[in-house]
Amino acid sequence: MRDYKNKNIFGCTGYTLLEILIVLTLLAGVSFFLILKIPSDIQEKNIEISATKLLEDLRETQQAAIAASSWYTIKFYPSTGEYKIFKEAEHIRTVKLHQGVYFGNSPSEITILPSGVPNLGFTVILKYGKYERHIVMAPVMGRIRMEIVR
């Protein structure tokens with residue numbers, strides 16, 4: 001008795017040309033979708049990470065100013081894509097934005113007073129491609145928040 005289960009119409013074992021073409025078409029479709037989707041996701045993740053880091057640093061600096069009862073300054077350097085944190089005149093640390101993220105708008109520097117409020121209210125705008133995040137600090141209460149711009 002002959003076994004016909006594993007043979008195609010030509011009497012050979014293996015895959016037919018049609019089966020191979022279908023699989024290749026499906027792979028090409030999935031690859032095309034991923035090629036379009038991944039760069040957009042990377043941009044959104046990078047700006048989200050940079051904005052969250054800036055937000056955390058501002059809140060931490062605000063708490064440090066209150067705890068130490070001294071003033072802190074954050075200086076922004078749009079040309080290099082970084083900001084520096086100072087306690088009075090002493091440099092604490094430098095933070096670089098993720099690759100591709102840049103300051104759309106920022107004050108040159110912000111001073112956080114010992115009471116935890118800034119010397120003036122401000123908005124720092126971070127951009128990357130079509131994505132934008134605003135970090136806002138209210139002048140009276142010192143509330144810091146992030147706004148997602150769509």
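Worth pointing out:
Table: residues versus (1) open to solvent by 20 Å² or more (accessible area, probe 1.4 Å); (2) closer than 29 Å to Gln43 by Cα; (3) not basic (Lys, Arg).
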site: Ser79; (1), (2), (3): yes, yes, yes
site: Val101; (1), (2), (3): no, yes, yes
site: Leu113; (1), (2), (3): yes, no, yes
site: Ile125; (1), (2), (3): yes, yes, yes
site: Glu132; (1), (2), (3): yes, yes, yes
site: Ile144; (1), (2), (3): no, yes, yes
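- Per-region count, the stretch 111-146, residues part of a strand (DSSP E or B), in contact (Cβ under 8 Å) with a residue 40 or more places away in the chain and not basic (Lys, Arg): 11
- Within the stretch 83-106, none of the residues are under 21 Å from Arg150 (Cα atoms), assigned to a helix (DSSP H, G or I) and among the hydroxyl-bearing types (Ser, Thr, Tyr).
- The set of residues from the stretch 96-150 being in contact with a helix residue (DSSP H, G or I) (Cβ under 6 Å, 6 or more places away or on another chain) and of a type in the set (Phe, Trp, Tyr) comprises Tyr128, Tyr131.
- Qualifying residue in the stretch 57-64 (condition: open to solvent by less than 40 Å² (accessible area, probe 1.4 Å), in contact (Cβ under 8 Å) with a residue 60 or more places away in the chain, within 17 Å of the chain's Cα centre (by Cα) and within 14 Å of Met146 (Cβ to Cβ)): yes
- Options Gly116, Gly100; residue that is on the phi > 0 side of the Ramachandran plot and over 20 Å from the mean Cα position of the chain (by Cα): Gly116
The values are calculated or read from the model by the stated rules, or taken from the named source; none is laboratory data. The shown structure was predicted, so the numbers you read here are calculated from the model rather than taken from an experiment. Methodologically, a virtual Cβ is constructed for each residue, glycine included, from the backbone with ideal geometry; neighbour enumeration extends over all protein chains shown. Only protein heavy atoms, including side chains, enter the accessible area calculation; ligands, DNA and RNA are left aside. Shrake-Rupley method; radii C 1.70, N 1.55, O 1.52, S 1.80 Å.
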